[in-house]
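The structure appears below as structure tokens.
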Amino acid sequence: MPAAWKVGALVLIFVGLILGIFATLGASIFAEPKELYYAKFADAGGLDSGADVLLAGVSIGRVEKVELTSTGEAIATLAIEQGRKLDKTLVAVLPTSFISLGDKQVLLRPMAQASGIYAAGDRSDPIPGILQGPLDEIFPDTEETMAELNKTMVAFRSLLEDKELKDGLVGIMKSGETTATKFGNLADNFNSTLTQNSDEINTLMKTMVATMKNVQSVSAEIEAFAASGKLQDQTEQLLTTMNAAATEGKGLMEDLRAYTADPELQDSLKSTLKNFETMSASGVNIAADTEVMTKNGIEISQQTKELMTKANKLANEVEELIEDVKGAVKKFDPTGAGAGGLIPKVEVESDLTYNTEASRIRTDVNLKIPAGKEKLIFGLYDAFESNKLNILLERSINDRTDLRYGVYASKPGAGVSYRFAPNTWLQSEVFGLNDPQLDLRLKHRFNEALHGWVGIERVFDRNSPAIGIGIKR
């Protein structure tokens with residue numbers, strides 16, 4: 001009896017070991033029947049026997065073996081559950097990664113344009129196999145995407161290198177800036193003239209109003225007088241009086257002619273003329289004395305002018321001293337600190353963009369914080385709606401070109417700004433990996449606080465026109 005229980009124990013241990021081995025290998029003592037299918041790969045990518053075959057993420061079989069054909073292709077024999085129907089829209093995808101850890105898997109995915117069902121055991125009609133690249137899962141259609149991105153960058157570079165376009169835009173901007181400056185100066189001069197002479201203008205306007213009222217009153221009286229008939233009567237009387245006066249004047253002229261012909265009167269006139277000559281000589285002497293006095297006045301005016309020049313110079317020196325004091329104070333004023341301040345000046349920029357295709361207004365709010373020769377941009381894209389994050393580092397490449405890179409609209413992105421003129425520049429933003437988006441804007445700054453733009457969003461995709469305005473503080 002002791003030997004019998006030992007034999008029984010050994011049998012139980014042996015059965016347990018067998019079951020453990022099958023459990024470890026993923027097999028079963030009573031294995032389900034399998035059907036063989038074949039998959040052809042141009043490159044099997046290190047696929048070995050025993051790899052799982054998955055359909056919609058569920059294991060339906062294993063790879064029995066992988067062999068090389070005479071044409072240099074790899075044929076994988078797939079042992080699939082009996083009764084499983086494989087549609088001909090399926091292809092065998094062999095995924096790869098940058099770091100290969102674990103066993104390979106064969107994924108059956110519906111990608112082909114075909115109809116029907118694969119026949120089990122038919123080696124002449126294998127399932128097409130694809131070796132998937134490490135980036136294909138993250139970036140679908142990687143080659144097409146990179147090709148389109150290259151075309152976009154080439155077109156953008158051609159636009160930046162178009163000298164005729166740049167010169168034309170620079171000329172237009174300079175002409176517009178000059179015209180605006182002249183118009184501003186003219187407006188300032190006109191405003192200054194109005195301000196300096198406001199009292200005189202008000203007085204003149206009041207006088208003109210009073211005069212017009214008087215003219216209206218006189219016109220009304222004349223109209224009433226003419227309507228009464230008295231004007232005609234007095235006009236006739238006036239003409240009669242004038243005729244009589246003309247007759248008397250004619251007689252007076254005859255008397256005057258006779259009077260001037262008198263010799264005594266002529267002698268008196270000659271004496272009077274001599275007296276006038278003497279008086280003229282005295283006038284000449286008086287004029288000479290006046291000239292001397294004028295010269296003395298000019299010398300006094302010259303001395304006064306020199307004194308005023310010194311006074312103005314002293315005033316300018318005092319003004320420069322005040323400006324130096326203000327500059328020293330501003331260095332400790334965080335609200336007025338500039339490039340030379342002790343506390344960096346943070347710029348706040350808020351933009352409103354209207355997309356004409358979507359008929360939607362988007363609000364962007366960003367802070368620009370100086371960090372040495374660079375700037376840190378921190379803010380929100382589509383604020384108060386989706387609140388996507390902007391964290392970018394901006395660096396000046398040269399006097400006209402700025403480069404930005406980081407996170408834009410919560411996606412990896414980069415941007416370039418190119419200034420055609422001091423207040424006009426072209427700005428571009430590229431962001432997103434799975435669905436890249438390129439936005440272009442032509443911006444113009446109207447003053448220190450206000451700027452606007454026109455542009456196109458989703459270039460080479462939807463080409464949506466957009467217009468916007470921004471405020472900078």
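Given the residues Asp461, Asp435, Asp399, which is the only one that is acidic (Asp, Glu), farther than 30 Å from Glu164 by Cα and at pLDDT below 90?
Values: Asp461 fails: farther than 30 Å from Glu164 by Cα; Asp399 fails: farther than 30 Å from Glu164 by Cα.
On inspection, the qualifying residue turns out to be Asp435.
Scan the stretch 35-89 residue by residue and report those that are under 19 Å from Ile117 (Cα atoms), basic (Lys, Arg) and more than 55 Å from the chain's Cα centre (by Cα).
Scanning the stretch 35-89 gives Arg84, Lys85.
Just for the stretch 410-422: of the residues that are closer than 18 Å to Asn398 by Cβ and not charged (D, E, K, R), which one is farthest from the chain's Cα centre (by Cα)?
Ala414
Quick one: would you say Ala92 is touching a strand residue (DSSP E or B) at 6+ places or on another chain (Cβ under 7 Å), modelled with pLDDT of 85 or more and either more than 15 Å from Gly57 (Cα to Cα) or not assigned by TED's automatic domain parsing to the domain that holds Leu55 (or both)? Please lay out each step first, then the result.
Numbers: touching a strand residue (DSSP E or B) at 6+ places or on another chain (Cβ under 7 Å): yes; modelled with pLDDT of 85 or more: yes; either more than 15 Å from Gly57 (Cα to Cα) or not assigned by TED's automatic domain parsing to the domain that holds Leu55 (or both): no.
Answer is no for this residue.
Here is a yes/no grid of residues against (1) part of a helix (DSSP H, G or I); (2) modelled with pLDDT under 70; (3) surrounded by 10 or more Cβ atoms within 10 Å (Cβ to Cβ):
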{"residue": "Asp136", "(1), (2), (3)": "no, yes, yes"}
{"residue": "Pro140", "(1), (2), (3)": "no, yes, yes"}
{"residue": "Glu143", "(1), (2), (3)": "yes, yes, yes"}
{"residue": "Leu159", "(1), (2), (3)": "yes, no, yes"}
{"residue": "Leu165", "(1), (2), (3)": "yes, no, yes"}
{"residue": "Leu169", "(1), (2), (3)": "yes, no, yes"}
{"residue": "Lys174", "(1), (2), (3)": "yes, no, yes"}
{"residue": "Asn185", "(1), (2), (3)": "yes, no, yes"}
{"residue": "Leu194", "(1), (2), (3)": "yes, yes, yes"}
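The values are calculated or read from the model by the stated rules, or taken from the named source; none is laboratory data. Only a predicted model underlies this, so the values are computations on that prediction, with no experimental measurement involved. Don't worry about glycine lacking a Cβ; one is built from the backbone with ideal geometry, like all the others, and counts go over all protein chains shown.
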